1. Å³ per residue of the Cα convex hull, for segment 81-124?
2. Quick one: give the max-minus-min coordinate of the C-alpha atoms of segment 1-43 along each principal axis, largest first, in Å.
3. If Rh is defined by the Kirkwood formula over all Cα pairs and Rg also comes from Cα, what ratio Rg/Rh do you get for segment 27-170?
4. Once you wrap a convex hull around the alpha carbon atoms of segment 1-85, what is its projected area averaged over all directions, in nm²?
5. With point charges of +1 on the Cβ of Lys and Arg and -1 on the Cβ of Asp and Glu, referenced to the Cα centre of the chain, which listed residue (SER124, SER20, GLN75) lies farthest in the positive direction of the dipole?
6. Heavy-atom accessible area per residue, the chain, 1.4 Å probe: how many Å²?
7. Can you send over the carbon and sulfur percentage of the accessible area for segment 6-46, probe radius 1.4 Å, protein chains only?
8. In whole Å, how far is the Cα centre of segment 137-158 from that of segment 12-78?
Amino acid sequence: MSFSASRVWDVRTTLRLGGSRLDASGALGNPDDRLDFRLESDNLAVIDPDVGGTGRASGFVEGRFTALSGNVKAQAANLSWQRQYRLAAVQASALMGKGIDGPLHVESSMRGLVTPQLRIDRASVAAEGTRDSHALQLAAKNETFDLQGRFAGGWREGSGWRGEVQELAN
């Protein structure tokens, strides 16, 4: 593996720690680079004793660090941090095409979030469109609220996300 401040290349790596494994191959940083990866952990406490649960992620990222694209899927279960924060399950997938007009599709859901201040039974976030123009949907529910939100906007280099709230209801 070789790297500079703006690029990593010749990646052919397998890292193992306990029941955890990361496989990565390819390059990242130039427009035509692609880095494929797979991460699996049956016991996250092996990596950090304050963290518990299992996790898996796979996919690829490509391009320059300032304009990444790719396709990633991840899931985790029985997550915990310092025994005060717990998450029963989370899953996410993201497809981000090349360029500002490339397709954007994100889906994420979780259930069973418990913190000292808050409980959320389930929540989800979805985005569809392009980086420049997309719709977002948000939902979160527990015993005291049932939040639904719809937003529309886009990402602008230098200024970040700008958009409007189309609906926000409980």
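The values are calculated or read from the model by the stated rules, or taken from the named source; none is laboratory data. This is a predicted model, so every value here is computed, not measured. A quick note on method: Cβ atoms are made from the backbone with ideal geometry, for glycine too, and the neighbour counts reach across all protein chains shown. For accessibility, only protein heavy atoms count, side chains too; no ligands or nucleic acids. Shrake-Rupley method; radii C 1.70, N 1.55, O 1.52, S 1.80 Å.
1. Values: hull volume 4.1 nm³, N = 44.
Dividing the Cα hull volume of segment 81-124 by its residue count gives 94 Å³.
2. Here the spans come out as 35, 16, 14 Å, largest first.
3. On the way: Rg = 17.3 Å, Rh = 17.0 Å.
Dividing the radius of gyration by the Kirkwood radius yields 1.02.
4. Numbers: hull surface 24.9 nm².
With the hull built on Cα positions only, its mean projection is 6.2 nm².
5. Of the candidates, SER20 comes out farthest on the positive side.
6. Numbers: 10870 Å² over 170 residues.
Here the per-residue accessible area is 64 Å².
7. Numbers: 1240 of 2510 Å².
Ligands and nucleic acids excluded, carbon and sulfur reach 49 percent.
8. Taking the Cα centre of each part, segment 137-158 and segment 12-78 sit 27 Å apart.
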